[in-house]
Amino acid sequence: MTIKSTPPRPPADDPAAARVIPRAQHPISRKKIAPNAVKILYRLKNHGFLAYLAGGAVRDLLLGRDPADFDIVTDATPRQIKRLFRNSRIIGRRFRLVHIYFYQNGRPTPQLYEIATFRRPFAPEQDDPEIRDQTQANNLFGTPAEDARRRDFTINALFYNIADFSVIDYVNGLEDLDNRVIRIIGDPDRRFAEDPVRVLRALEFACRLDFTIEEQTARALTQAAPALKEIPPARMREELKGFYAKKNTAAVLAAGRKFAVNRHWLPDTITDRLDRSLPLLRQAESFFPTADNDRELERMVLSVLLLPAMLESYPPGAEIRLNLIQEKIDELLKPLNQCFNLPRVQRYAIRDIFTIFYRLGRGDKRIKLLLKRENFFSALFLYAAVAPGLPPQAANLSFWERRRERLNRHPGAQGRDYGALLTAAK
Ligand code: ATP
Ligand code: MG
């Protein structure tokens, strides 16, 4: 008698709904998973818990991309996880997660791993930050299938099971991955209303992965966009940071224009002038290094977005009065600040960038002093980008060409060839 081996299944609540793809039929290899993530998965599994890799990591591995991080889900509770890992900390009040740290030469490595317990779909009545009672908190936990369905898009809801190296798909994510489609899980209107930030996430994934947005998802996201106004500015700023850290801001804004969502999350002064700022934003995103200095990138991106409105009021020239420039920037920063709650240091920096920009445009004699300013290079970038339109006495390119070497050696230049940028702008 032969025993037919059946593919292992997730234990479960609704096993019929899951598609399990055995190791031989998908490309995810343990070698591609960060060794520390593999260690965590095995430790959980060896103690009898389910241990799945989840979210963006599974998606990216299936696409042959390098995952940004490795999120893990399990049926162990935060306390049980904490007991298993000495190097861990429970975070969060409502839904508790565990962060695991690793050390190298006595210092924590920058990569930390997040382990979550399977959770149920979002339930607004439970969304109370004051829930401390453990039994209530435990009601947030769920089954693997529930955990998959409370996620945002089908391609983000796949699991990789360390027990048998299979991929588990409760939401037809694999099919959407094959067809390169962003599809929200469940009822589109309800899911976007539940968390309007998903509107921007849909656009960001579509741009980053070069996927199309499925029809019902696209329709619903345009309809849900006005609710972006209700999202707290701090969360919107985090979202924006995610865009420019991936050099994706220009692409997301272009997609946002196509789907008519931009005016619900950006000031009109910016959305009305995107056709002028977007080409420059693309340049800025390719010229400035990523992530290593996201503060600089934020200043740069926001300054580029404000630039067309500034130029409309004040084209750079010899006669520009700086106090008028300051007033205008403050006026433009106000609505921007309402959207993103920018820290003071960033508002000052943007003001500084424009001040230097207009001083460059004036052909100021004291430019050597400006060179020492932290934001000089951002201002120079803007200046170079619009220099062809400047009056000749202000452009003064020979001045810059003579200083090219010095400019590029400046620590703030970080290896970028500003001299070349200026010459190209000529
Ligand atoms: P990235 O490469 O940007 O990290 P990601 O898919 O890992 O992409 P994260 O923001 O790190 O995105 O979130 C991890 C996972 O958590 C997502 O893949 C998704 O399953 C789930 N998720 C994140 N944000 C939401 C949200 N707003 N609503 C529902 N599920 C979400
Ligand atoms: Mg992630």
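The values are calculated or read from the model by the stated rules, or taken from the named source; none is laboratory data. Just so you know, these numbers come straight off a predicted model, no measurement behind them. Cβ coordinates were reconstructed from backbone atoms using ideal geometry, including for glycine residues, and neighbour counts include every protein chain displayed. With ligands, DNA and RNA removed, areas are computed over all heavy atoms of the protein, side chains included. Shrake-Rupley method; radii C 1.70, N 1.55, O 1.52, S 1.80 Å.
In the stretch 86-109, what count of residues is obtained for those that are part of a loop (DSSP other than H, G, I, E, B), more than 24 Å from the chain's Cα centre (by Cα) and farther than 20 Å from LEU41 by Cβ?
Adding up the residues that qualify gives 2.
For GLU238, indicate whether it is open to solvent by 20 Å² or more (accessible area, probe 1.4 Å), outside the structural domain of ASN46 (by TED's automatic domain parsing), within 13 Å of ligand 1 (Cβ to nearest atom) and farther than 21 Å from LEU53 by Cβ. Walk me through it before giving the result.
Numbers: open to solvent by 20 Å² or more (accessible area, probe 1.4 Å): yes; outside the structural domain of ASN46 (by TED's automatic domain parsing): yes; within 13 Å of ligand 1 (Cβ to nearest atom): yes; farther than 21 Å from LEU53 by Cβ: yes.
Taking the combined requirement at face value, the residue satisfies it.
When residues of the stretch 88-112 are filtered for being open to solvent by 50 Å² or more (accessible area, probe 1.4 Å) and in contact (Cβ under 8 Å) with a residue 60 or more places away in the chain, how many remain?
Here the count works out to 1.
If I ask for residues that are buried (at least 21 other Cβ atoms within 10 Å of the Cβ), touching a residue at least 60 places away in the same chain (Cβ under 8 Å) and out of contact with any strand residue (DSSP E or B) (no Cβ under 6 Å at 6 or more places or on another chain), which ones from the stretch 146-155 would you list?
Listed by number, the residues that qualify are ARG151, ILE155.
Collect the residues in the stretch 241-297 that are modelled with pLDDT of 95 or more, loosely packed, with under 15 Cβ neighbours inside 10 Å and under 23 Å from ARG198 (Cα atoms), keeping them in residue-number order.
LYS258, ALA260, ASP268
Matching residues to (1) touching a Phe, Trp or Tyr at 6+ places or on another chain (Cβ under 9 Å); (2) open to solvent by less than 50 Å² (accessible area, probe 1.4 Å):
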| site | (1), (2) |
| --- | --- |
| LEU342 | no, yes |
| VAL345 | no, no |
| PHE357 | yes, yes |
| ARG362 | no, no |
| LYS365 | no, no |
| LEU371 | no, yes |
| SER378 | yes, yes |
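Every residue in the stretch 42-64 that is free of Cβ contacts under 8 Å to residues at least 12 places away in the same chain and within 16 Å of ligand 2 (Cβ to nearest atom), please. Don't jump to the end; show me each part of the working.
Let us first name the residues in the stretch 42-64 that are free of Cβ contacts under 8 Å to residues at least 12 places away in the same chain, namely 46, 48, 60.
Result: ASP60, single match.
What tally of residues in the stretch 42-82 results from selecting those that are crowded, with 21+ Cβ neighbours inside 10 Å, within 26 Å of the chain's Cα centre (by Cα) and either in the same structural domain as ASP210 (by TED's automatic domain parsing) or in a helix (DSSP H, G or I) (or both)?
Total satisfying the criteria: 4.
Looking only at the stretch 188-217, how many residues end up being surrounded by fewer than 20 Cβ atoms within 10 Å (Cβ to Cβ) and of a type in the set (Gly, Ala, Ser)?
1
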